[in-house]
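Report on one structure; see the data block that follows.
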Amino acid sequence: AELHYFTDPETVPGGYAILSHVWGKKEQLFHQTPKYDEDLLLQRPNARDAASKKVRQICIIAQQDRFRWLWDDTCCINKDSSAELSEAINSMYRYYSLAAVCYAYLADVPSNRFSCDPEGPFAKSRWHMRGWTLQELIAAPVVKFISSDWQKLGTKMRHARFLSRITNIPVEVLLMDKPVTSFSIAQRMSWAYKRETTRVEDRAYSLMGIFAVNMTTIYGEGERAFQRLQEEIMEQSIDPSLFAWGSFSGMSSHERSAGHEHTKYESYLLARSPDDFNPSDSGRTRFLPNTFRSLTHIDLHSSRMKEIPTFTMTPYGCLCRLMCFGFGELTLAWMGCDWDGFEGETRFLWLLLRRCQDPPPDESKPLYHCVALSTGYRQGSRLVGLSEADWPWASFTLRPQELYIALWHTTPTSANVRNRASGNATRAENCNAKIGKQGIGIHKLAVVNLGGARRFIRPSRTLIAVTLHTRGLPYIYHLIAIL
């Protein structure tokens, strides 16, 4: 066996296999990979014998399928290097999408108990509830399921409809008939509903590939990681379904809204975690920008309308340009989405907003909070669905409006807005000074030869100088695998 490095996964000769699994208590890590020498070769003619059972068995299966190269995240990433770990996490979706085959190892599903029973071991496997396995299932073109006793259980294509029932991922995505980007942000978020990760930050990091965004990984930031993920999505998408989380309901004229409280996260624009995107509500929300034109007969190509919707992060909150109308003390903002979860009827979603009663730091920039219904069907709903017959054209004036909507925490004061802006500038100066004095160490890409050769190439580190851009690090994609 040989340890090899490649600068890009696309350059791996003959392609490579990749492993998807749930980490156990004892895994073979990067620094535990044996350092082979001549004495070891005399004792073990096949270096694969020095690997852990999981790595050894998956190498055997890959070799039987005529693959020479394998990638495994346990021993293929040097997690002692924060730079390499961040690079690998940002590259993970690409690694799986370029793999010739993905082996999904289900450690809790024996081959003699496999069935398409919704209550059976396959459907209840922990693999279906882990955060990282979501992108691995979606990204890999070919997924072969492997039982706990290392037998093949079928493929993603073969079990697509059953997998869709288990995971809430549309069959079209699993069959590669539709790209992931054809589904709304809310729908994609709902696929991660109730999935678990060991580190809370990984709830966000494991979704970067599904939303085609990159961001620096900062372990220790907690739930802030998911807020940063939503900010990155806002910068690259005009899909307002990002805000379509929580409970939805229909609305009638006699229903009233509840007052907002700064201590309740439902009063803010961004969700706390993927668990706020329920499959029964967010999972049935579609972003249909052309629907607005057909229903309102407003020229979206006019100078005022063509930029709707837009979102801009500011120290005051999120500056949103949305179509709105007043409803008593409320402002209803058109989400550009429809939802088919109200008694089987398709309705169009509106976000309930109310101007914050606290004095704003700038009177010209009043802050709005999300509010929820206090009576009627599904109390606590922060979005309401109106049917086409209920649309407010006759009684209300629909107009484009710029609103500052609170993202999280409490209403900013004039002092902390200034402090926040000053702090951002100071951090940027410190970052530039630090980057100017040192380079960033990055591993090249490495793969292992499954053929049993007796010569080995030890991994080497290459120190390269990089420039930090506002969008993050320029990436050298790497692939490390061991036999």
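The values are calculated or read from the model by the stated rules, or taken from the named source; none is laboratory data. This structure is a prediction, so every number in the text was calculated from the model and none was measured. Cβ placement follows ideal geometry from the backbone for every residue including glycine, while neighbour counts extend to all protein chains displayed. Areas reflect the complete protein model, heavy atoms only, side chains present, ligands, DNA and RNA absent. Shrake-Rupley method; radii C 1.70, N 1.55, O 1.52, S 1.80 Å.
Brief remarks follow.
- The set of residues from the stretch 124-138 being of a type in the set (G, A, S) and either free of Cβ contacts under 8 Å to residues at least 12 places away in the same chain or in contact with a Lys or Arg (Cβ under 8 Å, 6 or more places away or on another chain) (or both) comprises just one member, G131.
- Of the residues making up the stretch 194-240, those that are of a type in the set (A, V, I, L, M) and outside any helix (DSSP H, G or I) are V200, L207, M208, I210, A212, V213, M215, I218, I238.
- Counting residues in the stretch 135-145 that are farther than 23 Å from G15 by Cα and in contact with a Leu (Cβ under 9 Å, 6 or more places away or on another chain) gives zero.
- Count - residues of the stretch 112-131 that are in a loop (DSSP other than H, G, I, E, B) and under 15 Å from S147 (Cβ atoms): 9
- Scanning the stretch 87-110 for residues that are charged (D, E, K, R) and open to solvent by 10 Å² or more (accessible area, probe 1.4 Å) turns up R94, D108.
Residue by residue, here is whether (1) in contact with a strand residue (DSSP E or B) (Cβ under 6 Å, 6 or more places away or on another chain); (2) open to solvent by 40 Å² or more (accessible area, probe 1.4 Å); (3) not assigned by the TED database to the domain that holds P279 holds:
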{"position": "N112", "(1), (2), (3)": "no, yes, yes"}
{"position": "L134", "(1), (2), (3)": "no, no, yes"}
{"position": "V142", "(1), (2), (3)": "yes, yes, yes"}
{"position": "N168", "(1), (2), (3)": "no, yes, yes"}
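- Residue in the stretch 195-210 that is among the polar types (S, T, N, Q) and assigned by the TED database to the domain that holds C102 present: no
- Screening the stretch 1-59 for residues that are of a type in the set (A, V, I, L, M) and open to solvent by 40 Å² or more (accessible area, probe 1.4 Å) and picking the one that is modelled with the highest pLDDT gives L29.
- Output for the stretch 3-31, where each listed residue is within 24 Å of M129 (Cβ to Cβ) and not in a strand (DSSP E or B): H21, V22, W23, G24, K25, K26, E27, Q28, L29
- Here E84 clears all of (1) modelled with pLDDT under 95; (2) surrounded by fewer than 20 Cβ atoms within 10 Å (Cβ to Cβ) except the condition numbered (2).
Residue-by-condition table, conditions (1) in contact (Cβ under 8 Å) with a residue 12 or more places away in the chain; (2) surrounded by 14 or more Cβ atoms within 10 Å (Cβ to Cβ); (3) touching a Pro at 6+ places or on another chain (Cβ under 7 Å):
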{"site": "I146", "(1), (2), (3)": "yes, yes, no"}
{"site": "D149", "(1), (2), (3)": "yes, no, yes"}
{"site": "K156", "(1), (2), (3)": "yes, yes, no"}
{"site": "H159", "(1), (2), (3)": "yes, yes, no"}
{"site": "L163", "(1), (2), (3)": "yes, yes, no"}
{"site": "E172", "(1), (2), (3)": "no, yes, no"}
{"site": "T181", "(1), (2), (3)": "yes, no, no"}
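- With respect to being touching a strand residue (DSSP E or B) at 6+ places or on another chain (Cβ under 8 Å) and acidic (D, E), E196 fits the description.
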